[in-house]
Amino acid sequence: MIHNIKFRAFVYENESVDDISQAILNLLPEAEIEAEEAEGLLEDKIIILSGVVSKKRYTKTFFNKLMESVDLEKLNNDLERKMDEKGNWFLRFDKSDALDEKLTILDKGDAIHLKIKIAAFPAKKQIAVDKVREAILSD
């Protein structure tokens, strides 16, 4: 059902790269994390951690963990709003909770960002929403 999961998190000067990397690995244990240095608006140093998970068994493991860990009714209700026209499902997870191995979905703020490409043919929003909704409701 999931083609791939792209992830990204910003590590600010007051945060530990190791901690945020571990938070990502708690969400996606098989992730290969790449780090890139950037500069914030106030010339502060930011590290951007990113990567892609595409193996089916790993994306399925993530989806199953998601189904066991979050409010499925809220997840279902937010589907339309968090899916783009090409079938990309956008979720944000609290970094500190992820470090503690908890999945807490956020609507805004500093988070681990996931862009989940739903395998829907053709790649259209409604087809992707229907596939995810069916998986949520059948769980």
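The values are calculated or read from the model by the stated rules, or taken from the named source; none is laboratory data. A quick note: this is a predicted structure, and the numbers were derived from the prediction, not measured. Reconstructed Cβ throughout: ideal geometry from the backbone, glycine too, with neighbour counts over all protein chains shown.
Annotation: Y58 fulfils all but one of (1) in contact with a Lys or Arg (Cβ under 6 Å, 6 or more places away or on another chain); (2) closer than 17 Å to F7 by Cβ; the unmet one is (1). Say we look at segment 1-33 and pick out the residues that are in contact with a Gly (Cβ under 9 Å, 6 or more places away or on another chain), of a type in the set (D, E, K, R) and within 19 Å of V53 (Cβ to Cβ); which of these is surrounded by the fewest Cβ atoms within 10 Å (Cβ to Cβ)? Of everything passing the filter in segment 1-33, E32 is surrounded by the fewest Cβ atoms within 10 Å (Cβ to Cβ). Exactly one residue among D78, D107, D71, D97 is touching a Leu at 6+ places or on another chain (Cβ under 8 Å) and acidic (D, E), and that residue is D97.
Against the test of being under 17 Å from L103 (Cα atoms) and surrounded by 12 or more Cβ atoms within 10 Å (Cβ to Cβ), the options K60, K56 yield a single qualifying residue, K60. Listed by first and then second residue, the pairs linking a residue in segment 1-27 that is more than 14 Å from D100 (Cα to Cα) to a residue that is part of a loop (DSSP other than H, G, I, E, B), with Cβ atoms under 6 Å apart and 6 or more places separating them unless they lie on different chains, are M1/A119; H3/A119; N4/S54; E13/D44. Hey, any hits in segment 36-51 for a residue that's farther than 21 Å from G109 by Cβ and within 15 Å of the chain's Cα centre (by Cα)? Scanning segment 36-51, I find at least one residue that is farther than 21 Å from G109 by Cβ and within 15 Å of the chain's Cα centre (by Cα), so the answer is yes.
Does segment 22-44 include one or more residues that are at positive phi and of a type outside the set (V, I, T)? Yes, segment 22-44 contains a residue that is at positive phi and of a type outside the set (V, I, T). Restricting attention to segment 39-55, which residues are at pLDDT 95 or above and not basic (K, R)? I46, I47, I48, L49, S50, G51, V52, V53, S54, listed by residue number.
Identify, please: which residue in segment 95-137 is among the small types (G, A, S) and closer than 17 Å to E80 by Cα and is, among those, modelled with the highest pLDDT? Can you show your working first?
Applying the first criterion (among the small types (G, A, S)) to segment 95-137 yields 96, 98, 109, 111, 119-120, 123, 128, 135.
Narrowing further to those that are closer than 17 Å to E80 by Cα: 119-120, 123, 128, 135.
Working: A119: 94, A120: 90, A123: 90, A128: 97, A135: 94.
Of everything passing the filter in segment 95-137, A128 is modelled with the highest pLDDT.
Inspection of segment 112-123 identifies no residue that is β-branched (V, I, T), part of a loop (DSSP other than H, G, I, E, B) and over 24 Å from S16 (Cα atoms). Of all residues in segment 68-93, those that are of a type in the set (G, A, S) and outside any strand (DSSP E or B) have Cβ atoms under 8 Å from Cβ atoms of residues that are at pLDDT 95 or above and buried (at least 17 other Cβ atoms within 10 Å of the Cβ), 6 or more apart or on another chain, in S69/L103; G87/K117; G87/I118; G87/K125; G87/A128. If K60 passes every condition in (1) under 14 Å from the mean Cα position of the chain (by Cα); (2) over 21 Å from L137 (Cα atoms); (3) assigned to a helix (DSSP H, G or I) but one, which one does it miss? The one condition K60 does not meet is (2). Does A31 meet the test of being aliphatic (A, V, I, L, M), over 13 Å from the mean Cα position of the chain (by Cα) and not in a helix (DSSP H, G or I)? No; evaluated as a whole, the condition is false for this residue.
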